[in-house]
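See structure below.
The values are calculated or read from the model by the stated rules, or taken from the named source; none is laboratory data. Computed from a predicted structure; not experimentally measured. Surface accessibility is based on the protein's heavy atoms, side chains included, excluding ligands, DNA and RNA. Shrake-Rupley method; radii C 1.70, N 1.55, O 1.52, S 1.80 Å.
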Amino acid sequence: MPASFIAATLDAMEQISANPELGVDAAAKVVPEVVADEATRAKSLAVMKATVNVWRGLVQESAGLGAID
């Protein structure tokens with residue numbers, strides 16, 4: 001079970017990295033307010049893009065997404 005959860009999480013992170021809109025859409029299913037209007041959606045997308053940037057660093061570039069040091 002833990003391995004499949006980790007694999008699913010990393011897969012979602014890869015998909016969201018490639019298309020941050022997917023992350024916003026997923027969040028909106030749980031918290032509809034993140035897309036309440038166009039301005040809020042744009043802010044949510046900016047936050048998602050910033051989050052994706054945090055996922056990628058030197059350690060992840062050399063050891064893969066999800067790696068920690």
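Over the chain, with the other protein chains present, what is the accessible area per residue in square angstrom, probe 1.4 angstrom? Could you put the intermediate results ahead of the total?
On the way: 4910 Å² over 69 residues.
Per-residue value: 71 Å².
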- Message: From the phi angles alone, apply the Karplus equation (6.51, -1.76, 1.60; θ = phi - 60°) to segment 53-64 and give each ³J(HN,Hα) in whole Hz, x where the residue is Gly or Pro.
- Response: 4, 5, 5, 10, x, 4, 5, 5, 5, 8, 10, x
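Viscosity 1.306 mPa s, temperature 10 °C: give me the Stokes-Einstein translational D for the chain in µm²/s, with Rh taken as the Kirkwood radius over C-alpha pairs. Please list the in-between numbers first.
Details: Rh = 13.0 Å.
After rounding, the answer is 122 µm²/s.
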- Item | Which of ILE16, ILE6 is most accessible, then next, and so on - probe 1.4 Å | ILE6, ILE16
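Where does the chain land at 222 nm, in deg cm²/dmol rounded to the nearest 500, when only DSSP H runs of n ≥ 4 count, each adding -39500 (n - 2.57), divided by all residues? Please report the intermediate quantities before stating the final value.
Details: 4 runs with 52 residues, N = 69.
Helix-only estimate at 222 nm: -24000 deg cm²/dmol.
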- Residue by residue, what Karplus-based ³J(HN,Hα) values in Hz, rounded to whole numbers, does segment 29-44 have, using 6.51, -1.76 and 1.60 with θ = phi - 60° and x for Gly and Pro? 5, 9, 10, x, 4, 5, 10, 4, 8, 5, 5, 5, 4, 4, 5, 4
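Could you order ARG56, ARG41 so the one with the most accessible surface comes first? Probe is 1.4 Å.
Working: ARG56 85, ARG41 55 Å².
Ranking ARG56, ARG41 by accessible area, largest first, yields ARG56, ARG41.
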